[in-house]
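*Asks:* Here it is: the structure, laid out below.
The values are calculated or read from the model by the stated rules, or taken from the named source; none is laboratory data. All of these numbers come straight from a predicted model, not from anything done at the bench. Quick reminder, even Gly has a Cβ in these numbers, built from the backbone with ideal geometry, and neighbours come from all protein chains shown. For the accessible areas, the whole protein counts, side chains as well, though only heavy atoms, and no ligand, DNA or RNA atoms are used. Shrake-Rupley method; radii C 1.70, N 1.55, O 1.52, S 1.80 Å.
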Amino acid sequence: MLVREKETGQLTVTGVPRRALAMWHFLWERLVIWMHLHLQRDRLFEIDIANCGTDITRLREFQDADIIHLHWVNQGMLSLKGIRRILQSGKPVVWTMHDLWPASSICHYARGCEQFQDECGACPLLPSTDVKGLANRVWRRKRQMLDGQRVTFVACSEWLAGEARKSALLKGQRVVSIPNPIDTRVFRPMEKAEARRAVGLPADRRVVLFVSQRVTDPRKGMQYFVDAVRLMVERHPDMQKNTVVAILGGHAEEVASRLALPVYPLGYVSDPQQVVTVYNAADTYVLPSLEDNLPNTLMEAMACGVPCVGFEVGGIPEMIDHRQNGYVARLRDTLDLANGIRYVLNEADYPAMSEHCQHKVARCYSQQSVAARYIEVYQEAMQPQQQPPSAKTY
């Protein structure tokens, strides 16, 4: 595994050489994006243009490899020119899509925009309305990068695979769907009372959990969560005495006062075992994302036996089996979201629902099952196939 920043002592993980240069690549890309955002910071990390990065084809690790498997390579790790060199090396390439960026121009989530199905132009994430602006230039570079090359794209959800197949960039390329794996030796159930003592949550209250790296990110749907909690309290005032909200993630304190229930801001936690403890302290996990691929947080909560509630969007309905291991609410329907939370807390057979969560993870997301599917992809990628049509025929 080759990474931009090595944070482990494992010998099988290698950091890119000249780490200071890699950081400069990151800063330079952000500076260029910032300039195109007219010096606004709101969407600074919603856009990637891959204008600079490390040339890994010269590294011994690359030269010794039989297959190159790309993952999330943004923010200064690989440039479009560097990816083109990888594709031209002749080695089979598998590229796991953790979002839409490999199939679009500069965005990771299209937010309803469909330009990537034809050709990206005036991007709604940019203040400029120039159809031949930054988004179009990056689109054309990506098209040139993929021209005449064969890549196996792996989407982490059926939803993302469907979106990728609509992309004009990936026309003629192979797109399959394989979910992310989870280590069930780490993410597993533990005694709830013990977990609550460890993280400082009340033992005699029901705990509704919200998790996001940045809880103020509009895409994660905090406002819908706030409105759903308000509706529940208005209809069931007793919830103020027997239910609390725990928020795990950065900027949790900023939203605490907006919720109609007592709130426990847990802040940002990076230690996996501490995260496992937080999940186990909850009675239900709510993720009202407005757009998402196959959220790891849902998988992690379910592996801990915690039923989940989310909107019917992206890969979420693939993970939550409605009324079996959680509740799938209609998209942007605050009342249905509130009903889902109440269903899990008050109406469902909770022990059975918790068991269904663990069974779903073991069946679909275990490391063994996911690895077996990737081995098949590797074997197929190494078979000689007809090259995809040139981009000039699009």
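*Asks:* So how tilted is helix 272-281 from the main axis of the chain? Cα-based, degrees 0 to 90, rounded to 10.
*Replies:* The answer is roughly 40 degrees.
*Asks:* Using a ≥ b ≥ c from the Cα gyration tensor of the stretch 124-220 (square roots of the eigenvalues), is it rounded, prolate or oblate, where a/c under 1.5 gives rounded and otherwise the larger of a/b and b/c decides, a/b for prolate?
*Replies:* In terms of gyration-tensor shape, oblate.
*Asks:* On to the next question. Quick check: pseudo-label points 7 Å beyond the Cα along Cα→Cβ at residue 140 and residue 257, how many nm apart are they?
*Replies:* 5.0 nm
*Asks:* Right, here's the next one. Please enumerate, by chain and number, the lysines with C-alpha under 23 Å from the C-alpha of residue 166, excluding those fewer than 8 residues away in the same chain.
*Replies:* Within the straight-line cut-off, residue 166 pairs with 132, 142, 392.
*Asks:* How large is Rg/Rh for the stretch 1-146, to two decimals, with Cα atoms and a Kirkwood Rh?
*Replies:* 0.98
*Asks:* Convex hull over the Cα atoms of the stretch 202-315, averaged projected area in nm²?
*Replies:* Here the figure is 6.6 nm², rounded to one decimal.
*Asks:* Given a 1.4 Å probe and every protein chain left where it sits, what share in percent of the accessible area of the chain is carbon and sulfur?
*Replies:* Using a 1.4 Å probe with all protein chains present, the chain comes out at 50 percent carbon and sulfur.
*Asks:* Right, something else. Based on the Kirkwood radius over alpha-carbon pairs, what is the Stokes-Einstein translational diffusion coefficient of the chain at 4 °C with 1.567 mPa s viscosity, in µm²/s?
*Replies:* 57 µm²/s
*Asks:* Continuing with the same structure: Each residue of the stretch 311-326 in order: what ³J(HN,Hα) in whole Hz does its phi give by Karplus 6.51 cos²θ - 1.76 cosθ + 1.60, θ = phi - 60°, with x for Gly and Pro?
*Replies:* 3J(HN,Hα) across the stretch 311-326, in whole Hz: 7, 7, 8, x, x, 4, x, 6, 8, 8, 8, 3, 6, 10, 10, x.
*Asks:* Shifting gears a bit: Assuming R0 = 51 Å, can you tell me the calculated FRET efficiency for the pair residue 204 and residue 11, based on Cβ-Cβ distance, to the nearest 0.05?
*Replies:* In this case the efficiency is close to 0.60.
*Asks:* Here's something else I'd like to know. Once the dipole of the chain is set up with Lys and Arg at +1 and Asp and Glu at -1 on Cβ about the Cα centre, which of 218, 82, 310 lies farthest towards its positive end?
*Replies:* Farthest towards the positive end: 82.
*Asks:* Residue 91: which aspartates and glutamates have alpha carbons under 20 Å from its alpha carbon, excluding same-chain residues fewer than 8 sequence positions away?
*Replies:* Result set, ordered by chain and number: 55, 61, 64, 66, 147, 376, 380.
*Asks:* Using only the alpha-carbon atoms, how far is helix 222-235 inclined from the longest principal axis of the chain? Give it as 0 to 90 degrees, nearest 10.
*Replies:* Long axis of 222-235 versus the principal axis of the chain: about 20 degrees.
*Asks:* A follow-up question, please. Full extension from residue 119 to residue 43: what is 0.36 nm times the residue separation minus their Cα-Cα distance, to one decimal in nm?
*Replies:* Fully extending the segment from residue 119 to residue 43 adds 25.2 nm.
*Asks:* To continue, here is another question. With a cap of 16 neighbouring Cβ atoms within 10 Å, and only residues DSSP puts in a loop, list the GluC sites (Glu not before Pro) found in the stretch 187-234.
*Replies:* 191
*Asks:* In square angstrom, what is the accessible area per residue of the chain with a 1.4 angstrom probe?
*Replies:* 47 Å²
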